[in-house]
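Engineer: One structure follows; several queries about it will come next.
FYI, it's all coordinate maths here, none of it is from the lab. None of these values were measured; they are calculated from a predicted model. All Cβ positions, even for glycine, are placed from backbone atoms using ideal geometry, and neighbour counts span all protein chains on display.
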Amino acid sequence: MEIERTVKLRSGYEIPVLAIGTWQTPNEIASRVVQDAIEVGYRHIDTASAYKNEEGVGQGIKKANIDRSKLFVTTKVPAEVKTYEETKKVIDESLEKLDLEYIDLVLIHAPKPWAVMFLPITKNYDKANLEVWKAMIEAKEAGKIRSIGVSNFKIKDIENLINNSTEVPEVNQIQIHIGKVNTELINYCKEKNIVVEAYSPMGTGRLIKNKKIKEIADKYNVSVPQLCIKYTLDLDTVSLPKTTHKEYMILNKEVDFEIKKEDKETLDNMKFLL
Ligand SMILES: NC(=O)c1ccc[n+]([C@@H]2O[C@H](COP(=O)([O-])OP(=O)(O)OC[C@H]3O[C@@H](n4cnc5c(N)ncnc54)[C@H](OP(=O)(O)O)[C@@H]3O)[C@@H](O)[C@H]2O)c1
C-alpha cells in the first residue's frame, strides 16, 4: 500500500512516500491534525519554521503516543535565513518547538528570501546558501538532524552546493502537480540520487474543481485529490497532500489504483498556470 511505502535516502533512512502537509494549518489545530493523520496511518509530517505551527505539530506527535522511530518529521530553515549563525539558531528553535530529540529531515525552504524569489534580477545568494548548508551539515553531524536537503532549488542552486561543499542534498521539495511538472529538474535530481518531493499535489486545492481532471478521476471511481496524489506518486516523487479534515486524510491515502498509460499521457499534456 502506498501509505506504507518508503524510499531510501542517501543517508540510509527510509522516507515514507506519502506525507501530511501542514502549510496553512494554524498552530491551534495542528496538534489535532497531526494526531488524526497519525491515527489514520500517515507516518510522515511536513512542516516548516515559516508555517508557525511546529509547537502544535510537536504536541500532536506526543499525544499520538507512537514510537518516535516510526515517524518521519520534516521542517525547513526559513527562506529569509541566510547566515550560518541564524541557521544554527533556527534549527535549535525547531527542535525545541517540535520538542524532539532529532528531526528526520531539514530543508532550506528556498534559495532566496520570498520577497525577492520571483524578481528577475536579485543579489546572488550562492555564498549565503553555502553558509546555511554548512550549519545544516554540522547539525547533522551533531545528531540533531538525520538528513538534509533543499526546497524550491533549481539545478544551478543545487550545483552550487554540490560543487562547493562536502554534501549533496538528499531531497529537493518542489511544486509538482498535474499541469506543472519540471521534467528536466526531476531527471537531474534522479541522476544525482536526490529524492524529489512534490508539494501542492492538488495545486493548493485549485485543481480540485477541474472538470477535465474529474472526467479522468470518474473513470477510476476516485476523487480528483486521489488522482492528483497518485499522479505525483507515479512520477516517483514523495507526495505531500495537505488537509485539516480527517475524512479527507482517509480518502487521500486510498491511492492504490493504477492510472492507465493513455490517461497518464492526457494528464501529462495538461498545462496550468497556478
Ligand atoms: N516547500 C515549499 O515551498 C512548499 C510550498 C507549498 C506547499 N508545501 C508543502 O506541501 C503541502 C501541500 O501543498 P498545499 O498546502 O499547497 O496544497 P495541496 O495539498 O495541493 O492542497 C490542499 C488543499 O486541498 C484541500 N483538500 C485536500 N484533500 C482534499 C479532499 N480529499 N477533498 C477536498 N479538498 C481537499 C485542502 O482542504 P482542507 O485543508 O480544508 O482540508 C486544501 O485546501 C503543504 O501543506 C506543505 O507541507 C511546501
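Engineer: Specify the residue that is nearest to LEU9 (Cα to Cα); the eligible residues are those in segment 65-84 that are among the basic types (Lys, Arg) and buried (at least 18 other Cβ atoms within 10 Å of the Cβ).
Structural biologist: Selected residue: LYS76.
Engineer: For segment 58-72, which positions are polar (S, T, N, Q) and assigned to a helix (DSSP H, G or I)?
Structural biologist: Matches in segment 58-72: GLN59, SER69.
Engineer: Suppose we filter THR183, THR244 for residues that are polar (S, T, N, Q) and touching a residue at least 12 places away in the same chain (Cβ under 8 Å); which single one remains?
Structural biologist: Going through THR183, THR244 in turn, just one is polar (S, T, N, Q) and touching a residue at least 12 places away in the same chain (Cβ under 8 Å): THR244.
Engineer: Residues of segment 199-230 being closer than 25 Å to LYS76 by Cα and hydroxyl-bearing (Ser, Thr, Tyr), which ones?
Structural biologist: Hits for segment 199-230 are TYR199, SER200, THR204.
Engineer: So which residues in segment 114-170 are small (Gly, Ala, Ser) and over 23 Å from PHE72 (Cα atoms)?
Structural biologist: Across segment 114-170, the qualifying residues are ALA115, ALA128, SER165.
Engineer: Would you pick out the residues in segment 205-237 that are surrounded by fewer than 18 Cβ atoms within 10 Å (Cβ to Cβ), free of Cβ contacts under 8 Å to residues at least 24 places away in the same chain and either of a type in the set (Ser, Thr, Tyr) or more than 9 Å from the ligand (Cβ to nearest atom) (or both)?
Structural biologist: If the condition is that a residue be surrounded by fewer than 18 Cβ atoms within 10 Å (Cβ to Cβ), free of Cβ contacts under 8 Å to residues at least 24 places away in the same chain and either of a type in the set (Ser, Thr, Tyr) or more than 9 Å from the ligand (Cβ to nearest atom) (or both), then LYS209, LYS211, LYS214, GLU215, ASP218, ASN221 are the ones that fit.
Engineer: Considering segment 118-176 alone, what residues qualify as being in contact with a Lys or Arg (Cβ under 8 Å, 6 or more places away or on another chain), of a type in the set (Val, Ile, Thr) and under 26 Å from VAL17 (Cα atoms)?
Structural biologist: Selection gives ILE148, ILE158, ILE162, VAL168.
Engineer: Can you name the helices (runs of 4 or more DSSP H) wholly within segment 91-198 that have at least 1 residues being hydroxyl-bearing (Ser, Thr, Tyr)? First the steps, then the outcome.
Structural biologist: On the way: elements: 114-117, 126-141, 155-164, 183-191.
Fully inside segment 91-198 and qualifying: 183-191.
Engineer: Based on this model, can you work out whether LEU240 counts as more than 17 Å from SER151 (Cα to Cα), of a type in the set (A, V, I, L, M) and within 12 Å of the ligand (Cβ to nearest atom)?
Structural biologist: Judged against the criteria, LEU240 is not a match.
Engineer: Tell me which of these ASN163 doesn't satisfy, since it passes every other one: (1) within 16 Å of the ligand (Cβ to nearest atom); (2) without any contact (Cβ under 8 Å) to a residue 12 or more places away in the chain; (3) more than 30 Å from TYR231 (Cα to Cα).
Structural biologist: All conditions pass for ASN163, except number (1).
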